[in-house]
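Working notes, beginning with the structure itself.
The values are calculated or read from the model by the stated rules, or taken from the named source; none is laboratory data. Bear in mind the structure is a predicted one, so any value in this text is a computation, not a measurement. Cβ coordinates were reconstructed from backbone atoms using ideal geometry, including for glycine residues, and neighbour counts include every protein chain displayed.
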Amino acid sequence: MEIVIYGNEVLRGEAAPVRVIDEAAVNLAHDMLETMIAGKGIGLAAPQVGILKRLFVVQIPDDIPRVFFNPRIVEQSEETVKYEEGCMSLPGIYADVVRPAAVRVHAWNEKGKAFTFDAEDLLARVIQHELDHLRGVMFIDHLSELKRKRILKVWEEKFRA
Ligand code: NI
């Protein structure tokens, strides 16, 4: 699948719930995982492949691939942490973002089964980043306006294909 790059309006859309977790939905999740791994990413949300559905996939180093249909955060830690983020839709750009250190997510897996998942550290970070994509938010939106403008200027000049 082709990754949608920053500037495309689909990345600013609100993703719709996945009504039925059928074969097509599971195939989409698997295609997204393949695309993510091929691009050396650790998380990929459906809007990033041009599909405004509430679905993202994640695989951090030394972990299994994870699929989240219709995810939502049901709890988050008060403790926040700063961590450097990047995004497959903004290749070459990295910046520190502050987010809750741990989250509890409710979602459905590729078997159509509901689950609740507690994540911390890198996994919590990726999950929050991907959840943002489902409501049209990019990680640079968390930066100050000054920093965001500076980073986008660098991206336009150096990395935009
Ligand atoms: Ni991203």
query = Could we say that A38 is closer than 27 Å to W155 by Cα, of a type in the set (A, V, I, L, M, F, W, C), at pLDDT 95 or above and exposed (fewer than 15 other Cβ atoms within 10 Å of the Cβ) here?
reply = yes
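Conditions tested, residue by residue: (1) touching a residue at least 24 places away in the same chain (Cβ under 8 Å); (2) within 30 Å of K153 (Cβ to Cβ).
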site	(1), (2)
I42	yes, yes
A46	yes, yes
G50	yes, yes
L55	yes, no
Q59	yes, no
E79	no, no
Note on segment 142-161: residues farther than 14 Å from C87 by Cβ and not in a helix (DSSP H, G or I) are S144, A161
With the first residue restricted to segment 88-109 and required to be over 15 Å from S77 (Cα atoms) and touching a residue at least 60 places away in the same chain (Cβ under 8 Å), and the second required to be within 16 Å of the ligand (Cβ to nearest atom) and small (G, A, S), Cβ contacts under 8 Å at 6 or more apart or on different chains are M88/G39; M88/G41; I93/G86
